[in-house]
1. Need the failing condition index for Val404 against (1) away from ligand 1 (no atom under 15 Å from the Cβ); (2) closer than 18 Å to Gly509 by Cα; (3) in contact (Cβ under 8 Å) with a residue 40 or more places away in the chain, just the number.
2. In the stretch 454-476, what count of residues is obtained for those that are out of contact with any strand residue (DSSP E or B) (no Cβ under 9 Å at 6 or more places or on another chain) and within 13 Å of Ala379 (Cβ to Cβ)?
3. Please go through the stretch 406-445 and give me each residue that is among the hydrophobic types (A, V, I, L, M, F, W, C), surrounded by 18 or more Cβ atoms within 10 Å (Cβ to Cβ) and within 30 Å of Ala93 (Cβ to Cβ), ordered by number.
4. Out of all the residues in the stretch 474-527, which are of a type in the set (S, T, N, Q), open to solvent by 10 Å² or more (accessible area, probe 1.4 Å) and under 22 Å from Leu442 (Cβ atoms)?
5. Take the stretch 349-364 and flag every residue that is out of contact with any Ser or Thr (no Cβ under 6 Å at 6 or more places or on another chain), touching a residue at least 24 places away in the same chain (Cβ under 8 Å) and away from ligand 3 (no atom under 16 Å from the Cβ).
6. Counting just the residues of the stretch 43-99 that are at pLDDT below 90 and crowded, with 22+ Cβ neighbours inside 10 Å, which one comes out nearest to Val170 (Cα to Cα)?
7. Grab the helices (runs of 4 or more DSSP H) fully contained in the stretch 408-527, keeping just those with 1 or more residues being farther than 27 Å from Ala244 by Cβ and in contact with a Phe, Trp or Tyr (Cβ under 8 Å, 6 or more places away or on another chain).
8. Can you tell me which residue among Leu400, Leu351 is under 29 Å from the mean Cα position of the chain (by Cα) and open to solvent by less than 30 Å² (accessible area, probe 1.4 Å)?
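The values are calculated or read from the model by the stated rules, or taken from the named source; none is laboratory data. None of the values given here were measured: they were computed from a predicted structure. Here the Cβ positions follow ideal geometry from the backbone for every residue, glycine too, while neighbour counts run over all protein chains shown. These area figures cover heavy atoms from the full protein model, side chains too; ligands, DNA and RNA do not enter into them. Shrake-Rupley method; radii C 1.70, N 1.55, O 1.52, S 1.80 Å.
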Amino acid sequence: MIKISTVTKISGKSDTLVCLVRGASVPRIGPDLDRQLAALIEQARLSGDFEGKKGQVLIAYPAAGKGPASQVRRLLVVGLGPAAIDREGWRQAGGAVAGQLLKTRAEEATIVVPDLEGAEALTPVAAGALAEGLLLGSYRFRKYRSSGAAKPETEPEENSEEREPLLRRVSIAGPRGIAGAVDQATALAAAVWTARDMANEPGNGWTPDDFAAYGRQLARQYNLKATIIDRAAMARLGMGGILAVNQGSARPPRLVILEYRAETARSGRRDRKSDSPGKVPTLLLVGKGLTFDSGGISLKPSSGMEEMKYDMCGGAAVLAAMAVIGREKPEGINVVAMVPATENLPGPAALKPGDIIRQYGGKSVEVINTDAEGRLILADALAYGVEKFEPAAVIDLATLTGAVIIGLGHHYAGLLGNDDGLCARVQAAGEEAGEPLWRLPLGPEYRKQLKSKVADLKNVDKRDAGTILAAEFLQEFVGDTPWVHLDIAGTAWNFTEKSYVPKGPSGFGVRTLVELIRQWSQPAGKP
Ligand code: BES
Ligand code: MN
Ligand code: ZN
């Protein structure tokens, strides 16, 4: 990951100076921008070549001069558009800058916003979002490419995306107060990178055991508690859903549990809020960790099946978010993450359509379609987690249904829940985080569609309202606990094309969860 730092004024030498300018405003000459550079931008503007439109780019190679900024090798001017921009606008600006810097083969850059000074100067929120966009936009997954290998001569050289990125360091120039926000954004972006890395790994590169190992690593690193429930323990506990889905796989299942407790987080300190009457509320996060979903005996068509290595993106988001929680140690909230992890494969011992299984807690389920496996593993985790941790709220994230892609495409994740307050709160966090969520209804008329003749419920009905039925199924296992389900099948990869969302897995959900928990732990926030 690029190293981002902050500076209060730019130093003489810089590989690339990036100026973010707002619309038609004339860049101000100040400590950051000397007369020569300002004149350069102005000249481009007068010629009509640069209007400061959003995402518009101007590259210039200034002659060496005496001013503070004129020893730069390369000047990159990026337009912010005419109006003031919000967090999402800053993220997108950061992504646009990242894209340009990777293209220009810059190694080191300094970013200034010469149009924003005084009261308007880069705020911590803006600087954080800018850093977030920069880092998220510069993500690439190259682990399995042999670098340095001779390339065929026919390969177009100008395709700079193909070359190794050089960019190492970026400084953001701004008031002293932005450093904390930039640090927070860096930690958040690192978590999103981790979630994307896990998702990019193929089914043979990221297994249930890898989820367990990562959970243990986070526990060591941040003093969290990790518990790994293995097959034998699942059998003892009666987690028939995970076990059933796992039957066709040669890899054993894992249920990874990671606990952050505000009370004991910082040694020697009792949590402020835990001193007040009542205990610290627990937020339970559950993420679907299907490391490969073939459909099982209800086998999926082979075309596009390789994408089902992404069926663990919910689990990835939940664990990655815990890395930020572990680092920030929020007060006034406990967070427990659970990831039921297994493959869904056909095999001689595989679960069959018609089989009846027993979920954790005793409910029986008639499995009509073995490809509706996500709900079976989530049900065990939800029922167990609600019983064991008595959470004040539960949020689950899952690439659960193709139907959510039919309904919402790749631009919104589906949000369903049993508590209007919690739904609104999660939706607002998603909005702030740049991860849009759209609520879909639940209701007894839908629940009726899951009635089985032979068991307490069946796992699918006809195709109608597939996303809602999946959520109705999950709802059976959370009791009265306030609960929100996010169906991220459309957004976990192929998420809306944006400057800071490269192709492939998006890490969707990490930022919403972290935003929610940060708000929750503010003095004004309450569960
Ligand atoms: N993992 C899939 C959902 C999915 C589909 C995610 C496409 C991303 C892209 C899930 O396990 C699944 O197979 N769901 C079935 C449910 C059906 C059998 C009721 C689906 O959506 O087709
Ligand atoms: Mn499936
Ligand atoms: Zn699945």
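1. With respect to (1) away from ligand 1 (no atom under 15 Å from the Cβ); (2) closer than 18 Å to Gly509 by Cα; (3) in contact (Cβ under 8 Å) with a residue 40 or more places away in the chain, Val404 is out only on (1).
2. Within the stretch 454-476, residues that are out of contact with any strand residue (DSSP E or B) (no Cβ under 9 Å at 6 or more places or on another chain) and within 13 Å of Ala379 (Cβ to Cβ) number 0.
3. Leu408, Ala413, Leu415, Val426, Ala429, Ala433, Leu437
4. If the condition is that a residue be of a type in the set (S, T, N, Q), open to solvent by 10 Å² or more (accessible area, probe 1.4 Å) and under 22 Å from Leu442 (Cβ atoms), then Gln475, Thr481 are the ones that fit.
5. Ala349, Lys352, Asp355, Ile357, Gln359, Tyr360, Gly361, Gly362, Lys363, Ser364
6. It comes out as Val72.
7. 420-433
8. Details: Leu351 fails: under 29 Å from the mean Cα position of the chain (by Cα).
Of Leu400, Leu351, the one residue that is under 29 Å from the mean Cα position of the chain (by Cα) and open to solvent by less than 30 Å² (accessible area, probe 1.4 Å) is Leu400.
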